[in-house]
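The structure appears right after this line, and notes come after that.
The values are calculated or read from the model by the stated rules, or taken from the named source; none is laboratory data. None of these values were measured; they are calculated from a predicted model. Neighbour counts are summed over all protein chains in view; Cβ atoms, including those assigned to glycine, are modelled from backbone coordinates with ideal geometry. We work out accessible area using only protein heavy atoms, side chains counted, and drop any ligands, DNA or RNA first. Shrake-Rupley method; radii C 1.70, N 1.55, O 1.52, S 1.80 Å.
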Amino acid sequence: MFNLKEIINLSVITGDKVAVGVSGGADSLALVLLLDDLLRPLGRRAIALTVNHGLRKESLTEAEYVAKLMAEHCIEHHILTWDGVKPQSGVEEAARLARYALLRSWCQKNDMETLCIAHHHLDQAETFLIRLQRGSGLTGLCGMSEVSELEGLRIVRPLLKVVPEALKEYLRLRNVKWVEDPSNQSEDFLRCRMRKFIPILEERTGITSKRITDTMQVLARSKDYICKQTEKLLSLIHI
């Protein structure tokens, strides 16, 4: 297995304290432990934030498991709760918006510059298919950026080039158990359907998740080129 620590670009992760969204799944647990290993020797800290959506009866137990695990590794941890009435439809998108709102609010109240999220290679491929299904244009089909901004908060996704199995293997080597969220297998959610579709797509057409993400990188370069040429044209117009 390649060295996951070498994948993470610390130069874009700013602040002495760095927030990390940690659900209890393998991806986010691997990310917070990797960041803790990298930041602690530099006198910096990773702070784990777990959102309890309250959509499943097990969610509080899972959040408390993360709290226990973080305490064992001497990592500061906070549980953020999505209160109020939950929607009857559009739950996936509503939960995503609520999660980011809670994370952003906590970070802003606690003077955090950066929030790290554990989206990985397969998440990126799923995002492409979801946005293709919704008719997205060039910007949407470029997928998630490694670095973006949400109302003044820097969002960093250090694992976009990492396959999920590598993250699970990392946790196995560290003897860390993760939580399997049953909703990740539910066909009620479009992302889950896309996740199950990708192996079928590969088997029947040869279109792999890597081929998809490689194409996304080509699109991103095309978008950057168009933006730069547009800026040059506009600068000439203003002369």
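Each label point was placed 7 Å from the Cα along the Cα-to-Cβ direction; for Leu150 and Gln88 their separation is 2.8 nm. Note on surface exposure: Cys74, Cys116 rank Cys74, Cys116 by accessible area, highest first, 1.4 Å probe.
Think of it as helices only: each DSSP H run of n ≥ 4 in the chain is worth -39500 (n - 2.57), and spread over all residues that comes to -16500 deg cm²/dmol at 222 nm.
Bridges between two residues of segment 34-154, per DSSP, are antiparallel at a rate of about 25%.
In the structure shown, the pairs Lys5/Lys161; Lys161/Lys210; Lys5/Lys68; Lys57/Lys177 are assessed against 18 Å; a Cα-Cα span above that value is assigned to Lys5/Lys68; Lys57/Lys177. What trypsin sites (Lys or Arg not before Pro) does segment 43-120 have in DSSP loop regions with at most 11 other beta carbons within 10 Å? Here the sparse-neighbourhood loop sites are Lys57.
Using the alpha-carbon positions of segment 1-109, Rg (one decimal) and Dmax (whole number) come out as 14.9, 46 Å. Share of carbon and sulfur in the accessible area of segment 92-183 stands at 49%, probe radius 1.4 Å. Between the alpha-carbon centres of segment 31-80 and segment 12-27 there is a gap of 9 Å. Within the straight-line cut-off of under 22 Å between alpha carbons, the lysines reachable from Lys232 are Lys223, sequence neighbours fewer than 8 places apart in one chain being disregarded.
Using a Cα-Cα cut-off of under 21 Å, which lysines could be cross-linked to Lys109, ignoring same-chain neighbours fewer than 8 residues away? Here the lysines satisfying the reach criterion relative to Lys109 are Lys17.
Taking chymotrypsin sites (Phe, Trp or Tyr not before Pro) as exposed when DSSP calls them loop and at most 16 other C-beta atoms lie within 10 angstrom, the chain has its longest site-free stretch at 3-188. For segment 4-44, the gyration tensor built on C-alpha atoms gives a prolate shape. Its axis ratio a/c (a ≥ b ≥ c) is at least 1.5, and a/b is the larger of a/b and b/c. Of the GluC sites (Glu not before Pro) in segment 133-188, the ones in a loop by DSSP (not H, G, I, E or B) with at most 14 other beta carbons within 10 Å are Glu146, Glu151, Glu180, Glu187. Amide H to amide H, with H built 1.01 Å from N, Val51 comes under 5 Å of Val22, Leu80, counting only residues 5 or more places away or on other chains.
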